[in-house]
Amino acid sequence: MRVPIIQWLIIAAALLLSASQVAYSAGTAVYIYNINATGITSASATINWSTLLPASSQLAYGKTPGYGNLTTLDSTLVTSHSQTISGLDPNTSYHYQVISVTGNGTQYVAGDFTFLTSPNIVQGMVSGVNVSGITESSAIINWTTNTPASSQVQYGTTANAGTWTGLDPALVVSHSVMISQLTSNTTYHFSVWSIDAAGRYGVSSDAIFTTLPSSAGSALNAIAVPFLASTSATITWSTDTPSSSQVDYGISFLLGSTTVQDPTLTTIHSITLGGLTPNTTYVYRVQSMDVTGGVLTSTELSFTTPVLTYYLPQMRFTSNQYTGVALTNLDQSSATIGFSAFAGAGNQLSHSSNPITLVPGSQSGILVDQLFSVTPGDWQLGWTSINSSSPLVSGFFLTFDTGFTLMDGATMSSSLLDSFVFPESLSQGFTDILLGNPNGASARVDIDLVKTDGTIRSTFQTSIPPFATYTGDLARNMFATASISPSDYLRLTASVPLVPYEFTGNASKDIAVVAGQASTSGATTLYAPQYAVGGPYDSSLSILNLDSTPGTVTLTLFAGNGLPLGNRQIMSIAGNGKIFISDPSFFFGTLPTQLTDGYVVIASDGVHLSGIEMFSDAQNGIFLTSLPLISSLQQMEILSDLASDTSYFTGLAILNPNTVDATVTIQVYTATSQLDQSLTLTVPAGNRISRLLTEYFPQLNGQSRLSGYIKITADQGIACFGVFGTNSLSVLSAIPAQPAP
């Protein structure tokens, strides 16, 4: 269900910049996608691709990754490209890369890719094809050739199905090949293939045989794809008798890939396919073998992976708490958005309204809860995936209650993690983690509670069933016997990639949402773009060393005008250790008597850092929010929602930590893609500008803006975040700006 401008986003706050998912040139995203080879014959093939912006078309190709050949340049600037290569050798693997040049002369190259030309088939080479020795699970295929040649059989339950026997390279004229592990009482199609010493192929026409009935009495039932993402899919099915589990799959009827057989004899089967390509149609079939050796094989089925998948958590601390998402489509085409939700026990929720369509340039706020048919208790915890047909959709999510006593959110993540950290562990209130398992296999998770010196205080282990969710509180159940310190953090490893989030806060008060941070990334320079102490505000910093070697960290607090505040601090950090700063006098030596506000630059001597900053009122009893420390600067960013009226405010902070001035344009768009407001300003070198939306655009004072989005562009990398809240400050939420796709 679409919610016009929902009042959950209205209270959210934004900051955090994740790494860009596209290539940037002069502030414009340009990339090559939808690359494929069609019309392949023994001597030619056609290569197709798309570009985001109009560009020329050319191919480099050859029998090795060195290519050696170029097609004629087609200088016509288009977004849909196609070039045909001819004069190729039969049954030969060719490498190719696509080359496109935009109107401003920027060249983009994608590859290395390969295709295989068709073989040189000789008519009349094969004769006398027949079948003998048919049983319920096997058959023998016989034939002759007019010249000595090898032996191989292609077979399956449909014409040209792509299961192959092993190649027998012996050059003979009388051929006999056994096919085994067939399904009983099933009609099979097959063709025979032989290659002579000159490399010529003999191929028979399609023929059929039917296996004998089986006494096993089993059957394949309820074959489905309950979970589909841009790079993975889970296949489920059932059998009447306990059997093994295996899936054959590929991008054509030839299939070509097979999962490792799970020998566990069960009637409920689930296999997850990983490493898939986004926006690609896959053909698959499931296979089960019972204790008698009888094999059941399904017909070929298919699914298409989405272009992009986001993951978000669902956790309720109160009965009237909800999760909402704000989505912005920056594509020139409409985007179809589909949702899949799984409750804590792993059961998939049925759709009540799904999918939705976002027209070009539009924005939508959606209550995830209203997209599914749920029963009481289903939404106590769980996780949701969002599939997009376009790579140019971005957004963030918020969890909130209807009384606006708690709210926070984060940028939606398109990554699952199997090694990650949670930087925060509150000494008061609660620290809960949520781990969603979007896999058809159980997940084993090892959780270390790590001290500031990098040593492990305590360890907790758990297992998460397929599609289920684990939630636990640090102090109440995971580490109930450990003396948890706020300088501790969590380091997690999992057997399969997970959806990781952490929730911290005080009972009946505001909460903060923290996404898991990959323990294999990090940066040597981080930015905390908002640091406020004194008066009614308080801030804390959690800085982690992701490396096992110790290092030195320098922290410098700057005012908004770029001048240093207080004292520069140089601190040692242990390998795998943490620096935790919660003392408001840290930079000053004494407690500030009035509000002091600025930003912090955190630089290491080479070790890789990550972390978060937390904001709250000085008594930590009314509002609370968190932001990841920023590791990369962007030239184009989006805040996918806004709220400004007599009850709610939206703020926007822009940090330019560079040594030269930045020219920044702020544009406000309506939910229907109309440009509403625009402003270009200069952010001096080292400065940070932090204002309400109504201060950037005074003409919005007294007006109600409860939907739409904000686009920020700059002539160099900057850091941005948005703040959403009630004018009474009953809640505050900071959300990282999303890098424009």
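The values are calculated or read from the model by the stated rules, or taken from the named source; none is laboratory data. Note that the coordinates shown come from a computational prediction; the quantities given were computed from them, not determined experimentally. With ideal geometry, Cβ positions are generated from the backbone for all residues, glycine too; neighbour counts draw on all protein chains shown. Please note that ligands, DNA and RNA were not included when accessible areas were found on the heavy atoms of the full protein model with its side chains. Shrake-Rupley method; radii C 1.70, N 1.55, O 1.52, S 1.80 Å.
Between Phe113 and Thr672, what is the spin-label point distance in nm, taking each point 7 Å from the Cα along the Cα→C-beta axis?
Reported label-point gap for Phe113 and Thr672 is 3.9 nm.
Farthest toward the dipole's positive end in the chain, which of Gly87, Thr187, Ala60, given Cβ charges of +1 (Lys, Arg) and -1 (Asp, Glu) about the Cα centre?
Ranked along the dipole, the leading option is Gly87.
Mind checking which of Gly560, Pro355, Phe115 is farthest towards the positive end of the chain's charge dipole, using Cβ charges of +1 (Lys, Arg) and -1 (Asp, Glu) about the Cα centre?
Looking along the dipole axis, the top candidate is Phe115.
Quick one: putting +1 on the C-beta of Lys and Arg, -1 on the C-beta of Asp and Glu, what dipole do you get for the chain around its Cα centre, in Debye to the nearest 20?
Roughly 340 debye for the chain.
Considering only C-alpha atoms, what is the centroid distance from region 419-443 to region 145-189, in Å?
Their Cα centres are 51 Å away from one another.
Considering only protein heavy atoms, with the full assembly of protein chains and a 1.4 angstrom probe, order Arg688, Arg457 by accessible area, largest first.
Of Arg688, Arg457, the descending order of accessible area is Arg457, Arg688.
Sequence-distant or interchain residues sharing an amide H contact under 5 Å with Glu424, placed H: which?
Leu490
From the square roots a ≥ b ≥ c of the eigenvalues of the alpha-carbon gyration tensor of region 215-330, which class results: rounded (a/c under 1.5), prolate (a/b over b/c), or oblate?
The shape class here is oblate.
Report, in deg cm²/dmol and to the nearest 500, the calculated mean residue ellipticity at 222 nm for the chain, where each DSSP H run with n ≥ 4 adds -39500 (n - 2.57) and the sum is divided by the residue count.
Value at 222 nm, helices only, nearest 500: 0 deg cm²/dmol.
Apply the a/c threshold of 1.5 to the C-alpha gyration tensor of region 466-587 and tell me whether it is rounded, prolate or oblate.
The shape class here is prolate.
Calculated FRET efficiency, Thr277 and Ala224, Cβ-Cβ r, R0 25 Å, to nearest 0.05?
Step by step, r from the Cβ atoms, then E = 0.70.
When the Karplus curve 6.51 cos²θ - 1.76 cosθ + 1.60 is applied with θ = phi - 60°, which whole-Hz ³J(HN,Hα) does each residue of region 153-159 get, with x for Gly and Pro?
Ordered by residue, 3J(HN,Hα) equals 10, 9, 8, x, 8, 10, 4 Hz.
First measure r as the distance between the Cβ atoms of Ser521 and Tyr33, then evaluate 1/(1 + (r/R0)^6) with R0 = 22 Å and state the FRET efficiency to the nearest 0.05.
0.35
Treat each spin label as a single point 7 Å out from the Cα along the C-beta direction, and report the Asp89 to Thr292 distance in nm.
Inter-label distance under the simple model: 5.1 nm.
Based on the Kirkwood radius over alpha-carbon pairs, what value in µm²/s does the Stokes-Einstein equation return for the translational diffusion coefficient of the chain at 25 °C and 0.890 mPa s?
For these conditions, the coefficient is 85 µm²/s.
Could you compute Rg(Cα) / (2.2 N^0.38 Å) for region 423-529, with N its residue count?
Dividing the Cα radius of gyration by 2.2 N^0.38 Å gives 1.09.
Residues in region 288-309, backbone N under 20 Å from the label point at Val129 (7 Å along the Cα-to-beta-carbon vector): list them, ranges by number please.
Output list for this probe position: 300.
Using modelled amide H (1.01 Å from N, peptide plane; none on Pro or chain starts), what sits under 5 Å from the amide H of Gly577, excluding residues fewer than 5 places away?
Asn545
So with the 1.4 Å probe, I'd like the accessible area per residue for the chain, rounded to whole Å².
Per residue, the chain has an accessible area of 38 Å².
What is the spin-label model distance, in nm, from Arg568 to Ser704 if the labels are put 7 Å beyond Cα along the C-beta direction?
Roughly 5.2 nm, to one decimal.
For region 145-230, state the average projected area of the convex hull of the C-alpha atoms over all orientations, rounded to one decimal in nm².
For region 145-230, the mean projected area of the Cα convex hull comes to 8.6 nm².
How large is log10 I(q)/I(0) at q = 0.11, 0.18, 0.21, 0.26 Å⁻¹ when the Debye formula is applied to the Cα atoms of region 593-671, each weighted equally and without solvent?
-0.48, -1.21, -1.40, -1.44
When the expected Rg is taken as 2.2 N^0.38 Å, what fraction or multiple of it is the alpha-carbon Rg of region 32-74?
1.26
What are the ³J(HN,Hα) couplings of region 635-649, residue after residue, when phi is run through the Karplus curve with 6.51, -1.76, 1.60 and θ = phi - 60°? Round to Hz, x for glycine and proline.
Per residue, the Karplus-derived 3J(HN,Hα) values read 9, 9, 9, 10, 10, 7, 7, 8, 8, 8, 7, 6, 9, 10, 9 Hz.
Restricting things to Cα coordinates, could you compute the convex hull volume per residue of region 63-146 in Å³?
Considering the Cα atoms of region 63-146, their hull volume per residue is 188 Å³.
Tell me, what % of the accessible area of the chain is carbon and sulfur with a 1.4 angstrom probe?
52
Mind running the shape call on region 506-560? Use the C-alpha gyration tensor, a ≥ b ≥ c as the square roots of the eigenvalues: rounded below 1.5 for a/c, prolate if a/b tops b/c, oblate otherwise.
oblate
Once each part is reduced to its C-alpha centroid, what is the distance from region 192-262 to region 622-645 in angstrom?
Here the two parts' Cα centres lie 48 Å apart.
Taking amide hydrogens as modeled 1.01 Å from N in the peptide plane, which residues meet the under 5 Å criterion relative to Ala55, leaving out close sequence neighbours?
Val78, Thr79
Using a Debye calculation, one point per C-alpha and no hydration shell, please list log10 I(q)/I(0) for region 45-197 at q = 0.12, 0.15, 0.18 Å⁻¹ in order.
Debye curve over Cα of region 45-197, log10 I(q)/I(0) at q = 0.12, 0.15, 0.18 Å⁻¹: -0.70, -0.83, -0.99.
Can you work out the PRE-style zone for Ala603? Point 7 Å along Cα to Cβ, and I want the residues of region 654-690 with backbone N under 17 Å.
Residues passing the 17 Å test: 656-660, 685-687.
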